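The values are calculated or read from the model by the stated rules, or taken from the named source; none is laboratory data. Keep in mind that this is a model prediction, so the values were computed, not measured. Methodologically, a virtual Cβ is constructed for each residue, glycine included, from the backbone with ideal geometry; neighbour enumeration extends over all protein chains shown.
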Amino acid sequence: MTTSQKALDVLAQFRTSGVDTCFHDRHIGPQILAGLNGNNWSIQDYVARGGYQALRKILTTGMTQDEVIAIVKESGLRGRGGAGFPTGLKWSFMPRQFPGQKYLVCNSDEGEPGTCKDREILQHNPHIVIEGMAIAAFAMGISVGYNYIHGEIFQTYERFEAALEEARAAGYLGDNILGSTFSFQLHAAHGFGAYICGEETALLESLEGKKGQPRFKPPFPASFGLYGKPTTINNTETFAAVPWIINNGGQAYLECGKPNNGGTKIFSVSGDVERPGNYEIPMGTPFSKLLELAGGVRKGRKLKAVIPGGSSSPVLPADIIMECTMDYDSIAKAGSMLGSGAVIVLDDSRCMVKSLQRLSYFYMHESCGQCTPCREGTGWLWRMVDRIERGEGRESDLALLDNVAENIMGRTICALGDAAAMPVRGMIKHFRHEFEHHITHKTCTVSAYV
Amino acid sequence: MSSVNTHHSAPLSDETHARFAREVAKYPDDQKQSAVMACLSIAQQEQGFVSAESERVIAELLGMAPMAVHEVTTFYNMYNQQPVGKFKINVCTNLPCQLRNGQGALLHMAKKLGIEVGGTTPDGLFTLQPGECMGACADAPVLLVNDRTMCSYMSDDKLDKLVDDLRAVKE
């Protein structure tokens, strides 16, 4: 299945340029995506943009590990992969005096439907991730790291490998970085089609060359991670935020956002908007502004609902989301999650039953099979939503859907069970009438199906 | 789909073995198994699928039981457990893509190729499969060719051109 050069030449005409999704003037105060044009990913361009200055500052001015962690804590940076855990706090959990090998892992297994930000960071600004990882490794006294990249974005994996070579050649990775006593070896690994490997312990299993089945926690990776050694795992965007924080200070980062929600965030806007793409904006920006940046609802239609934080987050109807600001606290207060910042927009032509049917199929497909409530429950959920969509639903199905969802939640090793159950509960909570209509009338409330 | 692989393959090339070695070198000496994902994908890139012979070669190289390698092959969606067409095409149909005609793109492709979804054209040129989220939702509709090349904004016109142009490639 080697693709010949001639065939690759044919395929090249369908390759995205990134102009529509990344290199536009509709970011607000960008830090990670600033100044990118698709042709300036390489190390000399990154250095010309001020890259590797943060690492240089740390290694040449004698900053201590404690000082670096304190700045990251002060910044209010929270994990950009979905959980929103405070990054500085996570770093402080690492046993810095541990005598054996420790590992740093970047989670670039971006597969949460709706999320497409890490791909663009790695493709167009890979060195910002390398620099962020090197700083993290210094702060926690780690000498080896891996970046595990989603298998479906193989060209991006190859780009990151090329960037690693550049960084090694320039002395930003390897032994005695910039003449200091700090050494850090960084490698790239890839997945090959398993959503579950975005879960950090499943990722570790995969990185160890096994099936990607999540581990029971505790022990947490900080004490028992890769190869059983203390390990810190952060998302790509989290690492990418670090150089700016070191260069500008924790307080400056915090001031870009709002209290408890520091910095900028890249939102991937997909679905029914005029301009799907990535938008880097300060945390706390009103959703209405983000929608405007994305060109508004497609074809001038009316907004129906938004899945605000990737497919696992509960849907929010238009009237609720239009009152929200885009940050962890506001979206949580509205009853959903900011998650990975993947904003899936649905217009008023969309059937919510059909939308949920597709999502439920996905979770059934991607359940690793380890825990019975998830393995059996995701299939059960899909079969019920599917029959409701096909006009074969029963009146008892809505109560049963809720019951099955409730019995999955909190009863599995990892969050995939919850991720499958939450969209079901959110859809039924806010759009119950559509499900009831399907069951009683055997038809849809809207004429145009997705 | 049978979990027993009955298709056979030729020995892996020297170049492939050299690529295996580069992957193995990324990991600690006592953790060679970590390279299994990459080695399987490299074997697939050379031969179009992962044969039992390839699994055995990789198992020996990495100090794994062949069954442990097979577990990996069968757990991850992108490994082909049997031969596929010269161009394997996966069209994403997950919700964000579906909202921008991802499902329509899959069905259009099936019609264009004259095959069912999941099938291979009689000339062995194309295999068509649905795909799950590829992490390129803003580029929808998207598809992946032979695991490694992503094509974006695939309108029906572009799908037709993709098929026509690939058919016209004379090796």
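Report whether or not residue A:291 is more than 13 Å from every other protein chain (Cβ to nearest Cβ), of a type outside the set (Asp, Glu) and on the phi < 0 side of the Ramachandran plot. So residue A:291 fits the description; yes.
Does any residue of region B:149-160 turn out to be among the small types (Gly, Ala, Ser), in contact with a strand residue (DSSP E or B) (Cβ under 9 Å, 6 or more places away or on another chain), within 23 Å of residue A:344 (Cα to Cα) and touching a residue at least 24 places away in the same chain (Cβ under 8 Å)?
Looking through region B:149-160, none of the residues is among the small types (Gly, Ala, Ser), in contact with a strand residue (DSSP E or B) (Cβ under 9 Å, 6 or more places away or on another chain), within 23 Å of residue A:344 (Cα to Cα) and touching a residue at least 24 places away in the same chain (Cβ under 8 Å).
Restricting to region B:153-171, give me the number of residues that are under 17 Å from residue B:103 (Cβ atoms) and either touching a Phe, Trp or Tyr at 6+ places or on another chain (Cβ under 8 Å) or acidic (Asp, Glu) (or both). It would help to see each step written out before you state the result.
Our first condition is that a residue be under 17 Å from residue B:103 (Cβ atoms); within region B:153-171, this holds for B:153-156, B:158-159.
Adding the requirement that they be either touching a Phe, Trp or Tyr at 6+ places or on another chain (Cβ under 8 Å) or acidic (Asp, Glu) (or both) leaves B:153-154, B:156, B:158.
Within region B:153-171, residues that are under 17 Å from residue B:103 (Cβ atoms) and either touching a Phe, Trp or Tyr at 6+ places or on another chain (Cβ under 8 Å) or acidic (Asp, Glu) (or both) number 4.
Screening the candidates A:395, A:406 for the property of being acidic (Asp, Glu), within 19 Å of residue A:367 (Cβ to Cβ), out of contact with any Ser or Thr (no Cβ under 6 Å at 6 or more places or on another chain) and surrounded by fewer than 17 Cβ atoms within 10 Å (Cβ to Cβ) yields one hit, A:406. In this structure, does residue A:292 turn out to be modelled with pLDDT of 95 or more and part of a helix (DSSP H, G or I)? Spelling it out, residue A:292 is indeed modelled with pLDDT of 95 or more and part of a helix (DSSP H, G or I). Selection over region B:43-61 of residues that are buried (at least 22 other Cβ atoms within 10 Å of the Cβ) and aliphatic (A, V, I, L, M) gives a count of 3.
Against the conditions (1) facing chain B (nearest Cβ under 10 Å); (2) under 23 Å from residue A:38 (Cα atoms); (3) under 16 Å from the mean Cα position of the chain (by Cα), where does residue A:123 fall short? Just the number, please. Here residue A:123 clears every test but (1). Entry remark, region A:413-450: residues being in contact with a helix residue (DSSP H, G or I) (Cβ under 8 Å, 6 or more places away or on another chain), in contact (Cβ under 8 Å) with a residue 60 or more places away in the chain, away from every other protein chain (no Cβ under 14 Å) and farther than 20 Å from residue A:403 by Cβ number 3 in total.
Scan region A:356-370 and report the pairs whose first residue is more than 10 Å from every other protein chain (Cβ to nearest Cβ) and whose second residue is of a type in the set (D, E, K, R), with Cβ atoms within less than 7 Å and a gap of 6+ or a chain change. Listed by first residue and then by second, the contacts come to A:367/A:375.
Under the condition of being exposed (fewer than 15 other Cβ atoms within 10 Å of the Cβ) and part of a helix (DSSP H, G or I), the residues counted in region A:169-202 number 2.
Within region A:102-132, take every residue that is charged (D, E, K, R) and surrounded by 24 or more Cβ atoms within 10 Å (Cβ to Cβ) and give me the one that is farthest from residue A:306 (Cα to Cα). Let's see the steps before the verdict.
To start, the set of residues in region A:102-132 that are charged (D, E, K, R) comprises A:102, A:109-110, A:112, A:117-120, A:131.
Then keep just the ones that are surrounded by 24 or more Cβ atoms within 10 Å (Cβ to Cβ); that gives A:109-110, A:112, A:117-120, A:131.
Working: A:109: 23, A:110: 20, A:112: 15, A:117: 18, A:118: 21, A:119: 22, A:120: 23, A:131: 34 Å.
Among them, the one singled out is A:131.
Do the conditions hold for residue A:232, that is, is it away from chain B (no Cβ under 14 Å), hydroxyl-bearing (Ser, Thr, Tyr), under 24 Å from residue A:69 (Cβ atoms) and outside any strand (DSSP E or B)? When the stated conditions are applied, residue A:232 does not pass them. Taking the criterion of being touching a helix residue (DSSP H, G or I) at 6+ places or on another chain (Cβ under 6 Å), in a loop (DSSP other than H, G, I, E, B) and within 14 Å of chain B (Cβ to nearest Cβ), the residues of region A:72-113 that qualify are A:109, A:110, A:111, A:113. The conditions are (1) out of contact with any Gly (no Cβ under 6 Å at 6 or more places or on another chain); (2) facing chain A (nearest Cβ under 10 Å); (3) within 30 Å of residue B:27 (Cα to Cα), and residue B:78 fails exactly one of them. Which is it? The failed condition is (1). Would you confirm whether or not region A:308-331 contains a residue that is surrounded by fewer than 24 Cβ atoms within 10 Å (Cβ to Cβ) and of a type in the set (Phe, Trp, Tyr)? Checked against the condition, which is being surrounded by fewer than 24 Cβ atoms within 10 Å (Cβ to Cβ) and of a type in the set (Phe, Trp, Tyr), region A:308-331 yields at least one hit.
For region A:317-352, a residue qualifies if it is in contact with a Pro (Cβ under 6 Å, 6 or more places away or on another chain) and closer than 22 Å to residue A:389 by Cβ, and exactly one does: A:344. If you go through region B:134-165 and keep only what is facing chain A (nearest Cβ under 8 Å), hydroxyl-bearing (Ser, Thr, Tyr) and outside any strand (DSSP E or B), you end up with B:152, B:153.
Residues of region A:1-55 being outside any loop (DSSP other than H, G, I, E, B) and within 13 Å of another protein chain (Cβ to nearest Cβ), which ones? Write out each step before concluding.
Of the residues in region A:1-55, the ones outside any loop (DSSP other than H, G, I, E, B) are A:5-12, A:43-48, A:53-55.
The answer is A:5, A:6, A:7, A:8, A:9, A:10, A:11, A:12.
All conditions but one from (1) in contact (Cβ under 8 Å) with a residue 12 or more places away in the chain; (2) closer than 24 Å to residue A:206 by Cα; (3) within 7 Å of chain A (Cβ to nearest Cβ) apply to residue B:90; the one that does not is (3).
Hey, could you check region B:5-34 for residues that are hydrophobic (A, V, I, L, M, F, W, C) and either assigned to a loop (DSSP other than H, G, I, E, B) or within 7 Å of another protein chain (Cβ to nearest Cβ) (or both) and say which is surrounded by the most Cβ atoms within 10 Å (Cβ to Cβ)? Across region B:5-34, the extreme among qualifying residues is B:12. For region B:119-133, filtered to residues that are assigned to a loop (DSSP other than H, G, I, E, B) and within 12 Å of chain A (Cβ to nearest Cβ), the residue that is nearest to residue B:107 (Cα to Cα) is B:132.
Using the structure shown, decide if residue A:206 is at pLDDT 95 or above and either over 24 Å from residue B:41 (Cβ atoms) or surrounded by fewer than 24 Cβ atoms within 10 Å (Cβ to Cβ) (or both). Criteria not met by residue A:206. The single condition among (1) touching a residue at least 24 places away in the same chain (Cβ under 8 Å); (2) under 23 Å from residue A:415 (Cβ atoms); (3) out of contact with any strand residue (DSSP E or B) (no Cβ under 7 Å at 6 or more places or on another chain) that residue A:41 does not satisfy is (2).
Residues to consider are B:55, B:71, B:60, B:116; find the one that is facing chain A (nearest Cβ under 7 Å), free of Cβ contacts under 8 Å to residues at least 60 places away in the same chain and out of contact with any strand residue (DSSP E or B) (no Cβ under 7 Å at 6 or more places or on another chain).
Working: B:55 fails: facing chain A (nearest Cβ under 7 Å); B:60 fails: facing chain A (nearest Cβ under 7 Å); B:116 fails: facing chain A (nearest Cβ under 7 Å).
Going through B:55, B:71, B:60, B:116 in turn, the sole match is B:71.
For region A:148-167, state whether one or more residues are within 14 Å of chain B (Cβ to nearest Cβ), aliphatic (A, V, I, L, M), surrounded by 20 or more Cβ atoms within 10 Å (Cβ to Cβ) and in a strand (DSSP E or B). Yes. State whether the residues of region A:327-342 include one that is farther than 20 Å from residue A:277 by Cα, within 14 Å of another protein chain (Cβ to nearest Cβ) and assigned to a loop (DSSP other than H, G, I, E, B). Within region A:327-342, none of the residues are farther than 20 Å from residue A:277 by Cα, within 14 Å of another protein chain (Cβ to nearest Cβ) and assigned to a loop (DSSP other than H, G, I, E, B).
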